1. Name the residues in the stretch 1-41 that are closer than 21 Å to PHE137 by Cα and polar (S, T, N, Q), would you?
2. Here's a check for you: in the stretch 309-330, which residue that is touching a helix residue (DSSP H, G or I) at 6+ places or on another chain (Cβ under 7 Å) and among the β-branched types (Val, Ile, Thr) is nearest to LYS391 (Cα to Cα)?
3. Determine whether the stretch 231-251 contains at least one residue that is on the phi > 0 side of the Ramachandran plot and not small (Gly, Ala, Ser).
4. Pick out the one residue from VAL188, VAL220 that is buried (at least 16 other Cβ atoms within 10 Å of the Cβ), among the aliphatic types (A, V, I, L, M) and within 26 Å of GLU291 (Cα to Cα).
5. Output the qualifying pairs, or none if there are none: Cβ atoms under 7 angstrom, residues six or more apart or on different chains, first residue in the stretch 221-237 and polar (S, T, N, Q), second residue part of a helix (DSSP H, G or I) and surrounded by fewer than 23 Cβ atoms within 10 Å (Cβ to Cβ).
6. Quickly run through the stretch 35-52 and pick out the residues that are under 19 Å from LEU147 (Cβ atoms) and either assigned to a loop (DSSP other than H, G, I, E, B) or at pLDDT below 95 (or both).
7. Quick check: is even one residue across the stretch 148-160 within 17 Å of the chain's Cα centre (by Cα), surrounded by 15 or more Cβ atoms within 10 Å (Cβ to Cβ) and assigned by TED's automatic domain parsing to the domain that holds ASP72?
8. Only one of ASP149, ASP158, ASP202 is without any contact (Cβ under 8 Å) to a residue 40 or more places away in the chain and over 16 Å from GLN112 (Cα atoms); which?
Amino acid sequence: MFEDTPLVMVETPEALDELVEQLRKVRAVAIDTESDSSHAYQEKVCLIQVSDLTTDYIVDPLAIGDISALGDILSDPAIVKVLHGADYDIVCLRRDYGFQIRGLFDTLLAAQLVGLERIGLADLVVRYFGIELDKAFQRHNWALRPLLDEHIEYARGDTHFLLALHEILVRELRRVGKLRHQREECQVLERRRWQGRTNDPDAWRDARGAQDLDEDGLRVLRKLWRYRDEQARKMDRPVYKVIPDDVLMELADTRPETERELDGVINPKSAMRRRHGRKFLEMIAAGLADETPLPARKAKDAPRKERPKTGLRTRLRGRTADRVLADLKLWRNEVIARNPRLNSFSVASNSQLKAIATYRPRTLDELGQVPEVRKWQVRDYGEELLERLEKLDPR
(Lines give C-alpha, C1' and ligand atoms only; values in the text may rest on other atoms or scores of the structure.)
Protein backbone atom coordinates (compact mmCIF):
# COMPACT_ATOMS: atom_id res chain seq x y z
CA MET A 1 0.00 0.00 0.00
CA PHE A 2 2.88 2.39 0.76
CA GLU A 3 4.90 1.22 -2.25
CA ASP A 4 8.55 2.28 -1.92
CA THR A 5 8.00 5.14 0.55
CA PRO A 6 10.58 4.82 3.33
CA LEU A 7 9.49 4.84 6.97
CA VAL A 8 11.60 6.48 9.68
CA MET A 9 11.01 5.81 13.37
CA VAL A 10 11.80 8.91 15.45
CA GLU A 11 12.46 7.70 18.98
CA THR A 12 15.41 9.81 20.21
CA PRO A 13 16.07 13.55 20.60
CA GLU A 14 18.75 13.28 17.92
CA ALA A 15 16.35 11.68 15.45
CA LEU A 16 13.78 14.39 16.22
CA ASP A 17 16.35 17.11 15.50
CA GLU A 18 17.09 15.48 12.14
CA LEU A 19 13.38 15.38 11.33
CA VAL A 20 12.94 19.04 12.23
CA GLU A 21 15.84 20.02 9.98
CA GLN A 22 14.29 18.04 7.13
CA LEU A 23 10.88 19.66 7.64
CA ARG A 24 12.36 23.15 7.48
CA LYS A 25 13.02 22.45 3.79
CA VAL A 26 9.49 21.42 2.80
CA ARG A 27 6.48 23.49 1.74
CA ALA A 28 3.86 21.15 3.20
CA VAL A 29 3.76 18.39 5.79
CA ALA A 30 1.03 15.94 6.81
CA ILE A 31 0.35 15.50 10.54
CA ASP A 32 -1.77 13.19 12.68
CA THR A 33 -1.75 12.08 16.30
CA GLU A 34 -2.79 9.04 18.30
CA SER A 35 -3.84 9.32 21.95
CA ASP A 36 -4.96 6.96 24.71
CA SER A 37 -8.25 8.72 25.48
CA SER A 38 -10.18 5.46 25.92
CA HIS A 39 -7.62 3.90 28.22
CA ALA A 40 -6.14 6.45 30.65
CA TYR A 41 -7.26 8.71 33.49
CA GLN A 42 -5.51 11.68 31.87
CA GLU A 43 -5.33 11.17 28.13
CA LYS A 44 -2.15 12.12 26.33
CA VAL A 45 -0.65 12.20 22.86
CA CYS A 46 1.19 8.90 22.39
CA LEU A 47 2.22 9.07 18.75
CA ILE A 48 2.70 11.77 16.14
CA GLN A 49 2.67 10.75 12.49
CA VAL A 50 4.40 12.97 9.96
CA SER A 51 4.70 12.65 6.18
CA ASP A 52 6.45 14.78 3.60
CA LEU A 53 6.52 14.10 -0.14
CA THR A 54 9.18 11.40 0.15
CA THR A 55 9.03 9.83 3.62
CA ASP A 56 6.68 8.74 6.40
CA TYR A 57 7.81 9.36 9.97
CA ILE A 58 6.51 7.99 13.26
CA VAL A 59 7.42 10.23 16.20
CA ASP A 60 7.26 8.56 19.63
CA PRO A 61 6.90 11.35 22.22
CA LEU A 62 6.75 8.81 25.06
CA ALA A 63 10.25 7.62 24.15
CA ILE A 64 11.72 11.05 23.36
CA GLY A 65 10.28 13.08 26.24
CA ASP A 66 11.01 16.66 25.17
CA ILE A 67 9.60 17.22 21.69
CA SER A 68 9.53 21.02 21.89
CA ALA A 69 11.75 21.23 18.79
CA LEU A 70 8.72 20.28 16.73
CA GLY A 71 6.86 23.39 17.88
CA ASP A 72 8.64 25.79 15.52
CA ILE A 73 7.63 23.72 12.50
CA LEU A 74 4.00 23.52 13.57
CA SER A 75 3.74 27.26 14.20
CA ASP A 76 5.43 28.31 10.94
CA PRO A 77 2.63 29.51 8.62
CA ALA A 78 4.95 29.22 5.62
CA ILE A 79 4.79 25.42 5.94
CA VAL A 80 1.30 24.07 5.17
CA LYS A 81 0.15 21.58 7.80
CA VAL A 82 -2.28 19.08 6.28
CA LEU A 83 -4.51 17.22 8.73
CA HIS A 84 -7.82 15.41 8.46
CA GLY A 85 -10.37 16.32 11.13
CA ALA A 86 -7.77 18.49 12.83
CA ASP A 87 -9.89 19.65 15.77
CA TYR A 88 -8.83 16.92 18.22
CA ASP A 89 -5.19 16.94 17.11
CA ILE A 90 -4.96 20.72 17.52
CA VAL A 91 -6.38 20.79 21.04
CA CYS A 92 -4.34 17.77 22.19
CA LEU A 93 -1.04 19.15 20.89
CA ARG A 94 -1.79 22.48 22.55
CA ARG A 95 -2.89 20.83 25.80
CA ASP A 96 0.13 18.52 26.11
CA TYR A 97 2.93 20.60 24.58
CA GLY A 98 1.68 24.15 24.12
CA PHE A 99 2.03 23.76 20.35
CA GLN A 100 0.16 26.17 18.07
CA ILE A 101 -0.57 24.96 14.55
CA ARG A 102 -0.55 27.65 11.87
CA GLY A 103 -0.86 27.24 8.14
CA LEU A 104 -3.54 24.57 8.56
CA PHE A 105 -5.28 22.80 5.69
CA ASP A 106 -7.94 20.40 6.98
CA THR A 107 -8.95 17.89 4.31
CA LEU A 108 -12.19 17.13 6.19
CA LEU A 109 -13.28 20.77 5.96
CA ALA A 110 -12.28 20.86 2.30
CA ALA A 111 -14.32 17.75 1.53
CA GLN A 112 -17.36 19.35 3.16
CA LEU A 113 -16.92 22.60 1.28
CA VAL A 114 -16.67 20.93 -2.12
CA GLY A 115 -19.85 19.02 -1.35
CA LEU A 116 -18.65 15.43 -1.00
CA GLU A 117 -21.11 13.11 0.73
CA ARG A 118 -18.54 10.74 2.27
CA ILE A 119 -15.84 12.76 3.99
CA GLY A 120 -13.95 10.34 6.25
CA LEU A 121 -10.25 9.87 5.51
CA ALA A 122 -10.80 6.24 4.48
CA ASP A 123 -13.64 7.38 2.19
CA LEU A 124 -11.44 9.97 0.49
CA VAL A 125 -8.55 7.54 0.04
CA VAL A 126 -10.87 5.02 -1.61
CA ARG A 127 -12.46 7.73 -3.77
CA TYR A 128 -9.24 9.22 -5.12
CA PHE A 129 -6.70 6.37 -4.86
CA GLY A 130 -8.80 3.18 -4.83
CA ILE A 131 -7.09 1.98 -1.65
CA GLU A 132 -8.87 0.78 1.48
CA LEU A 133 -7.30 1.77 4.78
CA ASP A 134 -7.32 -0.71 7.63
CA LYS A 135 -9.19 0.90 10.57
CA ALA A 136 -8.80 -2.05 12.95
CA PHE A 137 -6.78 -0.09 15.51
CA GLN A 138 -8.98 2.99 15.95
CA ARG A 139 -9.51 2.12 19.63
CA HIS A 140 -6.05 0.73 20.29
CA ASN A 141 -4.21 1.79 23.45
CA TRP A 142 -1.43 3.80 21.84
CA ALA A 143 0.44 4.16 25.14
CA LEU A 144 1.43 0.48 24.97
CA ARG A 145 4.97 -0.36 23.97
CA PRO A 146 6.56 -1.90 22.00
CA LEU A 147 4.72 -0.81 18.87
CA LEU A 148 4.04 -3.77 16.64
CA ASP A 149 4.44 -3.70 12.85
CA GLU A 150 0.68 -3.69 12.33
CA HIS A 151 0.31 -0.67 14.64
CA ILE A 152 2.96 1.24 12.73
CA GLU A 153 1.42 0.38 9.36
CA TYR A 154 -1.97 1.55 10.59
CA ALA A 155 -0.57 4.80 11.98
CA ARG A 156 1.38 5.81 8.89
CA GLY A 157 -1.75 5.33 6.78
CA ASP A 158 -3.30 8.36 8.49
CA THR A 159 -0.75 10.75 6.95
CA HIS A 160 0.68 8.91 3.93
CA PHE A 161 -2.04 10.09 1.52
CA LEU A 162 -2.75 13.53 2.98
CA LEU A 163 -0.37 15.59 0.85
CA ALA A 164 -1.78 14.08 -2.35
CA LEU A 165 -5.31 14.72 -1.03
CA HIS A 166 -4.28 18.30 -0.33
CA GLU A 167 -3.32 18.85 -3.96
CA ILE A 168 -6.54 17.30 -5.24
CA LEU A 169 -8.80 19.21 -2.85
CA VAL A 170 -7.10 22.55 -3.52
CA ARG A 171 -8.00 22.10 -7.19
CA GLU A 172 -11.56 21.13 -6.25
CA LEU A 173 -11.91 24.15 -3.97
CA ARG A 174 -10.69 26.45 -6.74
CA ARG A 175 -13.14 24.87 -9.17
CA VAL A 176 -16.14 25.59 -6.90
CA GLY A 177 -14.82 28.96 -5.70
CA LYS A 178 -14.38 27.89 -2.07
CA LEU A 179 -10.66 28.34 -1.46
CA ARG A 180 -11.18 31.53 0.58
CA HIS A 181 -13.87 29.71 2.57
CA GLN A 182 -11.37 26.96 3.36
CA ARG A 183 -8.73 29.43 4.55
CA GLU A 184 -11.13 31.15 6.90
CA GLU A 185 -12.50 27.90 8.34
CA CYS A 186 -8.96 26.63 8.95
CA GLN A 187 -7.97 29.88 10.66
CA VAL A 188 -10.93 29.49 13.01
CA LEU A 189 -9.96 25.88 13.70
CA GLU A 190 -6.37 26.85 14.51
CA ARG A 191 -7.63 28.72 17.57
CA ARG A 192 -9.39 25.76 19.17
CA ARG A 193 -8.52 24.97 22.79
CA TRP A 194 -9.01 21.96 25.01
CA GLN A 195 -12.52 21.82 26.49
CA GLY A 196 -12.32 18.36 28.04
CA ARG A 197 -11.85 17.19 31.61
CA THR A 198 -9.66 19.39 33.79
CA ASN A 199 -8.25 19.09 37.31
CA ASP A 200 -10.83 21.52 38.67
CA PRO A 201 -12.06 19.99 41.98
CA ASP A 202 -15.43 21.69 41.46
CA ALA A 203 -15.98 20.41 37.92
CA TRP A 204 -18.97 18.42 39.21
CA ARG A 205 -20.87 21.69 39.64
CA ASP A 206 -21.10 22.15 35.87
CA ALA A 207 -21.92 18.54 35.00
CA ARG A 208 -25.00 17.94 32.87
CA GLY A 209 -27.96 17.44 35.17
CA ALA A 210 -26.39 19.11 38.21
CA GLN A 211 -28.60 22.16 37.77
CA ASP A 212 -31.65 19.97 38.45
CA LEU A 213 -30.42 18.76 41.86
CA ASP A 214 -31.39 20.33 45.18
CA GLU A 215 -28.72 21.33 47.71
CA ASP A 216 -28.59 17.88 49.33
CA GLY A 217 -28.21 16.33 45.89
CA LEU A 218 -25.36 18.68 45.05
CA ARG A 219 -23.53 17.84 48.27
CA VAL A 220 -23.90 14.13 47.55
CA LEU A 221 -22.78 14.62 43.95
CA ARG A 222 -19.68 16.45 45.17
CA LYS A 223 -18.67 13.47 47.31
CA LEU A 224 -19.46 10.89 44.66
CA TRP A 225 -17.66 12.86 41.95
CA ARG A 226 -14.47 13.14 43.97
CA TYR A 227 -14.65 9.49 44.96
CA ARG A 228 -14.90 8.49 41.30
CA ASP A 229 -12.02 10.76 40.38
CA GLU A 230 -9.84 9.18 43.04
CA GLN A 231 -10.70 5.66 41.85
CA ALA A 232 -10.09 6.53 38.20
CA ARG A 233 -6.72 8.06 39.06
CA LYS A 234 -5.66 4.93 40.97
CA MET A 235 -6.80 2.65 38.16
CA ASP A 236 -5.49 4.99 35.41
CA ARG A 237 -8.75 4.68 33.53
CA PRO A 238 -11.10 7.28 32.03
CA VAL A 239 -13.60 8.39 34.65
CA TYR A 240 -16.59 7.46 32.48
CA LYS A 241 -15.32 3.86 32.31
CA VAL A 242 -15.13 3.66 36.11
CA ILE A 243 -18.59 5.11 36.87
CA PRO A 244 -20.73 6.85 34.21
CA ASP A 245 -22.02 10.36 34.92
CA ASP A 246 -25.65 9.28 34.73
CA VAL A 247 -25.10 6.81 37.58
CA LEU A 248 -23.66 9.57 39.77
CA MET A 249 -26.59 11.83 38.92
CA GLU A 250 -29.17 9.18 39.76
CA LEU A 251 -27.46 8.39 43.06
CA ALA A 252 -27.31 12.10 43.94
CA ASP A 253 -30.97 12.52 43.04
CA THR A 254 -32.42 9.43 44.77
CA ARG A 255 -29.86 9.21 47.62
CA PRO A 256 -30.37 5.56 48.67
CA GLU A 257 -29.44 4.93 52.30
CA THR A 258 -29.58 1.13 52.49
CA GLU A 259 -28.29 -1.80 50.46
CA ARG A 260 -31.84 -2.64 49.40
CA GLU A 261 -32.51 0.91 48.24
CA LEU A 262 -29.20 0.91 46.36
CA ASP A 263 -30.25 -2.28 44.56
CA GLY A 264 -33.18 -0.32 43.17
CA VAL A 265 -30.77 2.10 41.50
CA ILE A 266 -27.92 -0.19 40.40
CA ASN A 267 -28.17 -3.81 39.30
CA PRO A 268 -27.08 -5.81 42.39
CA LYS A 269 -25.31 -8.34 40.16
CA SER A 270 -23.22 -5.75 38.32
CA ALA A 271 -19.47 -5.39 38.79
CA MET A 272 -19.99 -1.71 39.62
CA ARG A 273 -22.35 -2.60 42.45
CA ARG A 274 -19.96 -5.19 43.88
CA ARG A 275 -16.93 -2.94 43.62
CA HIS A 276 -18.39 0.41 44.73
CA GLY A 277 -21.72 -0.31 46.44
CA ARG A 278 -20.65 0.19 50.04
CA LYS A 279 -18.61 3.25 49.13
CA PHE A 280 -21.61 4.73 47.34
CA LEU A 281 -23.62 4.51 50.54
CA GLU A 282 -20.73 6.01 52.53
CA MET A 283 -20.36 8.91 50.09
CA ILE A 284 -24.09 9.59 50.10
CA ALA A 285 -24.15 9.70 53.91
CA ALA A 286 -21.02 11.86 53.98
CA GLY A 287 -22.50 14.23 51.42
CA LEU A 288 -25.70 14.67 53.37
CA ALA A 289 -23.68 15.43 56.50
CA ASP A 290 -21.28 17.81 54.75
CA GLU A 291 -22.07 21.45 55.52
CA THR A 292 -19.21 22.90 53.44
CA PRO A 293 -20.63 25.78 51.34
CA LEU A 294 -21.45 24.90 47.75
CA PRO A 295 -19.55 26.81 45.05
CA ALA A 296 -21.52 28.87 42.58
CA ARG A 297 -22.04 27.29 39.18
CA LYS A 298 -19.40 28.66 36.83
CA ALA A 299 -20.21 29.77 33.34
CA LYS A 300 -18.55 27.81 30.61
CA ASP A 301 -15.65 29.53 28.90
CA ALA A 302 -17.07 31.36 25.91
CA PRO A 303 -15.67 30.19 22.57
CA ARG A 304 -13.19 32.55 21.03
CA LYS A 305 -14.64 34.82 18.39
CA GLU A 306 -12.96 35.63 15.12
CA ARG A 307 -13.49 39.33 15.75
CA PRO A 308 -13.99 41.43 18.88
CA LYS A 309 -17.45 42.25 20.13
CA THR A 310 -18.85 45.58 18.96
CA GLY A 311 -21.92 45.88 21.13
CA LEU A 312 -24.43 43.86 19.10
CA ARG A 313 -27.26 42.73 21.36
CA THR A 314 -29.92 40.07 21.06
CA ARG A 315 -33.17 41.38 19.60
CA LEU A 316 -35.43 38.32 19.35
CA ARG A 317 -36.29 35.82 22.06
CA GLY A 318 -38.66 33.00 22.83
CA ARG A 319 -41.24 31.99 20.25
CA THR A 320 -40.39 34.84 17.92
CA ALA A 321 -36.75 33.71 17.72
CA ASP A 322 -37.87 30.09 17.27
CA ARG A 323 -40.17 31.08 14.41
CA VAL A 324 -37.42 33.01 12.67
CA LEU A 325 -34.96 30.13 13.18
CA ALA A 326 -37.41 27.66 11.65
CA ASP A 327 -37.79 29.84 8.57
CA LEU A 328 -34.04 30.36 8.27
CA LYS A 329 -33.67 26.58 8.13
CA LEU A 330 -36.22 26.53 5.32
CA TRP A 331 -34.19 29.23 3.57
CA ARG A 332 -31.05 27.09 3.91
CA ASN A 333 -32.87 24.10 2.41
CA GLU A 334 -33.94 26.26 -0.53
CA VAL A 335 -30.34 27.38 -1.11
CA ILE A 336 -29.13 23.77 -1.04
CA ALA A 337 -31.94 22.71 -3.40
CA ARG A 338 -30.66 25.26 -5.93
CA ASN A 339 -27.18 23.73 -5.79
CA PRO A 340 -26.97 20.06 -4.73
CA ARG A 341 -23.19 20.44 -4.19
CA LEU A 342 -23.96 22.57 -1.15
CA ASN A 343 -24.69 21.25 2.34
CA SER A 344 -25.45 22.71 5.77
CA PHE A 345 -21.77 23.26 6.50
CA SER A 346 -21.18 25.19 3.28
CA VAL A 347 -24.22 27.42 3.84
CA ALA A 348 -24.83 27.83 7.61
CA SER A 349 -24.97 25.44 10.54
CA ASN A 350 -27.92 25.23 12.93
CA SER A 351 -25.96 27.05 15.64
CA GLN A 352 -25.10 29.88 13.22
CA LEU A 353 -28.72 30.21 12.12
CA LYS A 354 -29.84 30.24 15.76
CA ALA A 355 -27.41 33.06 16.51
CA ILE A 356 -28.60 35.00 13.46
CA ALA A 357 -32.23 34.57 14.54
CA THR A 358 -31.43 35.73 18.08
CA TYR A 359 -29.31 38.75 17.16
CA ARG A 360 -31.53 39.64 14.18
CA PRO A 361 -28.89 41.68 12.31
CA ARG A 362 -30.16 44.61 10.23
CA THR A 363 -27.06 45.36 8.18
CA LEU A 364 -24.18 43.42 6.65
CA ASP A 365 -21.91 44.93 9.28
CA GLU A 366 -24.14 43.63 12.06
CA LEU A 367 -24.37 40.22 10.40
CA GLY A 368 -20.60 40.05 10.45
CA GLN A 369 -20.65 40.70 14.20
CA VAL A 370 -22.92 37.74 14.99
CA PRO A 371 -20.93 35.09 16.89
CA GLU A 372 -19.76 32.19 14.69
CA VAL A 373 -20.78 33.86 11.42
CA ARG A 374 -17.94 33.81 8.90
CA LYS A 375 -16.85 36.53 6.52
CA TRP A 376 -17.51 34.23 3.56
CA GLN A 377 -21.10 33.76 4.71
CA VAL A 378 -21.60 37.52 4.78
CA ARG A 379 -20.17 37.77 1.25
CA ASP A 380 -22.08 34.82 -0.20
CA TYR A 381 -25.43 35.02 1.57
CA GLY A 382 -25.55 38.32 3.46
CA GLU A 383 -27.95 40.24 1.27
CA GLU A 384 -30.21 37.21 0.85
CA LEU A 385 -30.26 36.58 4.60
CA LEU A 386 -31.09 40.18 5.44
CA GLU A 387 -33.90 40.19 2.87
CA ARG A 388 -35.33 37.03 4.39
CA LEU A 389 -35.10 38.47 7.91
CA GLU A 390 -36.86 41.63 6.78
CA LYS A 391 -39.81 39.60 5.52
CA LEU A 392 -39.97 37.61 8.74
CA ASP A 393 -39.48 40.49 11.16
CA PRO A 394 -39.95 43.88 9.47
CA ARG A 395 -38.25 46.77 11.27
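The values are calculated or read from the model by the stated rules, or taken from the named source; none is laboratory data. Here the structure is a predicted model, which means the values were calculated and not measured. Note that we place each Cβ from the backbone using ideal geometry, even for glycine, and neighbour counts take in every protein chain shown.
1. The answer is THR33, SER35, SER37, SER38.
2. Ranking the qualifying residues of the stretch 309-330, first place goes to VAL324.
3. Taking the stretch 231-251 as the starting set, the residues that turn out to be on the phi > 0 side of the Ramachandran plot are 236.
Narrowing further to those that are not small (Gly, Ala, Ser): 236.
Yes, there is a match, as at least one residue in the stretch 231-251 is on the phi > 0 side of the Ramachandran plot and not small (Gly, Ala, Ser).
4. Numbers: VAL188 fails: within 26 Å of GLU291 (Cα to Cα).
After ruling out the rest, the residue left standing is VAL220.
5. Close Cβ pairs (under 7 Å, with a partner that is part of a helix (DSSP H, G or I) and surrounded by fewer than 23 Cβ atoms within 10 Å (Cβ to Cβ)) amount to GLN231/VAL242.
6. First pass over the stretch 35-52, keeping only residues under 19 Å from LEU147 (Cβ atoms): 35-40, 43-51.
Scanning the stretch 35-52 gives ASP36, SER37, SER38, HIS39, ALA40, GLU43, LYS44.
7. Of the stretch 148-160, the ones within 17 Å of the chain's Cα centre (by Cα) are none.
Within the stretch 148-160, not a single residue is within 17 Å of the chain's Cα centre (by Cα), surrounded by 15 or more Cβ atoms within 10 Å (Cβ to Cβ) and assigned by TED's automatic domain parsing to the domain that holds ASP72.
8. Details: ASP158 fails: without any contact (Cβ under 8 Å) to a residue 40 or more places away in the chain; ASP202 fails: without any contact (Cβ under 8 Å) to a residue 40 or more places away in the chain.
It is ASP149.
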